[in-house]
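Every number here is computed from the coordinates shown, using simple stated rules; none is lab data. Source: prediction; values computed, not measured. Every residue, glycine among them, receives a Cβ derived from its backbone with ideal geometry; neighbour counts consider all protein chains shown.
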Amino acid sequence: GVVRRYHFSVARGTIAPDGVDRPVLLVNGQFPGPTIEANWGDTIEVTVANHIVDPAEGTTIHWHGLRMIGTQWMDGVPSTVQCPIAPGSSFTYTFRADAYGSTFWHSHYGAQYSGGIFGALIVYGPQHVPYDVDLGPVLLFDWYHANYLEVVESVVGLPAPTTQAYSDNNLINGRTPYDCNNPSIAEKNLTCSRDATYSQFRFTKGKTYRLRIMNVSSQGFQRFTIDGMRLTVIASDFVPIVPYETDVLSIGIGQRADVLVHATGESTDAVWMRSDVSANCAVSYQPHAKAAIYYEDADVTQLPNTTATPYDDSHCGDVPLNLTTPVYPMDPPATPAVTQQMDIQFLANETGNLLWYVNNETFRANYEHPVLLLAKAGNTSYPNPDWLVYNFGSNSSVRIILYNYSFTNRSQHPMHLHGHNFWIVAEGVGEWDGVANLKNPMRRDTFILQPGDPVKGPGYMVMEFVTDNPGVWPLHCHLAWHVSAGLYVNVLEHPEKILNMEIPHSVYQNCRDWADYKGVDL
Ligand code: C2O
């Protein structure tokens with residue numbers, strides 16, 4: 001393989017992707033950030049320079065969904081595998097493109113990706129379904145007119161919040177004009193320009209297009225449609241699936257879908273692409289994203305005038321498992337070596353602050369002492385009990401049963417596990433009956449845990465994976481406000497093998513740079 005080299009400079013900026021000025025964090029001044037492209041098996045090398053000042057913040061970059069086999073320390077998660085990159089410092093990530101398909105990279109420092117630090121990551125590989133043109137990334141991103149730290153404060157701040165952080169807008173590839181007549185412009189004293197534009201895509205009649213749809217939202221569950229067109233889904237996350245057709249693609253935060261669309265219209269057609277966003281499982285009343293698709297002879301000076309495809313929005317949670325079947329079958333072990341239950345609850349802590357709890361504990365990051373480096377040093381007692389390390393020892397496979405006790409606020413949780421494509425062997429609402437589907441069940445890296453129901457009981461999902469990737473892997477809800485409020489655990493896999501890992505000096509040097517910046521001893 002070839003080495004694909006990138007340089008990321010992270011800094012503050014102000015942009016108005018929907019016409020309204022907002023302070024953000026940008027990579028190389030771009031929004032969305034640069035797209036990384038590689039072929040399956042290539043090496044990707046990204047040097048990240050942290051120029052975030054006024055105020056300064058640490059940062060790290062995570063390569064969402066890649067397995068990081070043999071480069072666990074490059075996973076980009078502060079407090080789990082590395083220290084944050086200090087302001088004024090840089091760190092070089094080197095890893096293999098060890099899966100192919102569509103994904104994105106993003107900051108993993110708190111909810112910082114919500115500030116704008118994300119971009120697409122495409123790995124080209126074998127194709128199981130033919131198409132004519134790769135349209136590239138279609139990034140769905142809910143948009144707030146406030147700085148991300150203010151939004152986090154409003155959701156997890158003191159005292160317990162009474163409101164949800166509903167997004168102000170929803171963007172496709174960083175665009176969708178805001179309605180400047182919206183009263184919130186005057187209420188919040190914002191300036192709104194009417195010059196903002198829609199993202200555009202071009203179709204040629206008769207051709208088949210591949211769209212790489214990615215939900216990078218902070219909070220929004222997305223429902224993607226193209227007016228009057230059917231979508232054929234061919235991959236979920238990094239897993240090629242037996243194609244299924246739908247009018248609407250449901251996609252949770254952290255999930256990706258590769259979709260084929262056949263340009264069946266007239267050569268003069270112009271059509272809207274849309275994405276509806278909703279918080280929790282509630283029916284959405286938030287602004288929706290739109291982008292324009294123009295056929296080859298369409299008048300590009302006119303906006304499309306097509307109407308939205310209607311769909312049933314009553315279903316909570318993920319795409320039904322019977323619709324998604326991996327193309328390359330893999331069966332989980334008949335009996336998992338170890339089983340762990342995790343109960344998720346939204347509870348007030350001692351000071352009345354509402355936080356997310358997993359088995360009655362809530363995660364707090366400890367940036368100075370990443371778990372992987374402690375495990376490498378043979379340390380198995382973690383100085384901070386809030387680390388939430390689930391040590392699965394040398395067990396060969398793990399089953400995790402997740403229960404979601406969010407009855408009243410109907411929160412669904414896009415649960416993401418690093419380092420693995422896990423099988424989803426059961427999901428539903430109520431008490432799991434113990435029946436697992438072990439025949440080529442769906443596998444992916446992010447799956448939506450349904451909300452609980454006051455009558456039927458908690459939402460549940462049952463995930464399994466084989467421990468073929470020694471390391472420390474976060475398992476967390478990908479909703480930015482939930483992960484900042486503690487819905488995060490660390491899965492420790494084969495600590496005995498971590499002892500023999502060769503962790504590069506740069507990882508330790510990065511911790512020393514961070515400690516110097518913080519003025520603390522390691
Ligand atoms: Cu996309 Cu733990 O992250």
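For this structure, a couple of remarks:
- Listed pairs K188/K518; K188/K290; K439/K497 exceeding 28 Å between Cα atoms: K188/K518; K439/K497
- Computed from the C-beta positions of T208 and N349 and an R0 of 56 Å, the FRET efficiency is 0.60 to the nearest 0.05.
- Computed FRET value (nearest 0.05) for K188 with E37, which takes r as the C-beta separation and R₀ as 35 Å: 0.35
- The label-point distance for H128 and N181, in a model that sets each label 7 Å from Cα toward Cβ, rounds to 4.9 nm.
- Each helix, a run of at least 4 DSSP H residues, gives -39500 (n - 2.57); summed and divided by the residues of the chain, these come to -2000 deg cm²/dmol at 222 nm.
- Local net charge near Q286, Cβ-Cβ under 15 Å (Lys/Arg +1, Asp/Glu -1): -3
- Ranked list, fewest to most other Cβ atoms within 10 Å of each Cβ, for C83, C192: C192, C83
- When DSSP beta bridges are restricted to pairs lying wholly in the stretch 1-82, around 45% turn out antiparallel.
- Rg to Rh quotient for the stretch 374-476, alpha carbon positions, Kirkwood Rh: 1.01
- The stretch 187-235 and the stretch 398-474 have Cα centres separated by 28 Å.
- A simple spin-label model places pseudo-atoms 7 Å from Cα toward Cβ; at E150 and S9 they are separated by 2.8 nm.
- Gyration tensor verdict on the stretch 11-136 (Cα atoms; rounded if a/c is under 1.5, prolate if a/b is larger than b/c, oblate otherwise): oblate
- Difference of contour (0.36 nm per residue) and Cα-Cα distance, Y508 to T309: 66.3 nm
- Length added when fully stretched, R364-M501, from 0.36 nm per residue minus Cα-Cα: 46.7 nm
- Overall form of the stretch 338-517 per C-alpha gyration tensor (a/c, 1.5; a/b vs b/c): oblate
- Remark: the stretch 129-320 is approximated by an ellipsoid whose semi-axes, taken from the C-alpha gyration tensor as √(5λ), come to 30, 21, 13 Å, largest first.
- The distance between label points at Q341 and T264 comes to 4.8 nm (points 7 Å beyond Cα on the Cα→Cβ vector).
- Counted charge near D134, where neighbours are those whose Cβ lies closer than 11 Å (Asp, Glu -1; Lys, Arg +1): -1
- Cα centroid separation, the stretch 244-266 to the stretch 7-48: 25 Å.
- Top positive-direction residue, dipole computed over the chain with Cβ charges, set P370, A308, G254: P370
- For H51 and E431, a Förster radius of 51 Å and the Cβ-Cβ distance give a FRET efficiency of 0.50, rounded to the nearest 0.05.
- Of the residues M74, N50, P126, the one whose Cα sits farthest towards the positive end of the charge dipole of the stretch 1-128 is P126 (charges of +1 on Lys and Arg Cβ, -1 on Asp and Glu Cβ, taken about the Cα centre).
- Cα gyration tensor category, rounded, prolate or oblate, for the chain with a/c compared to 1.5: rounded
- Taking all Cα pairs closer than 8 Å and separated by 6 or more residues, the relative contact order of the chain comes to 15 percent.
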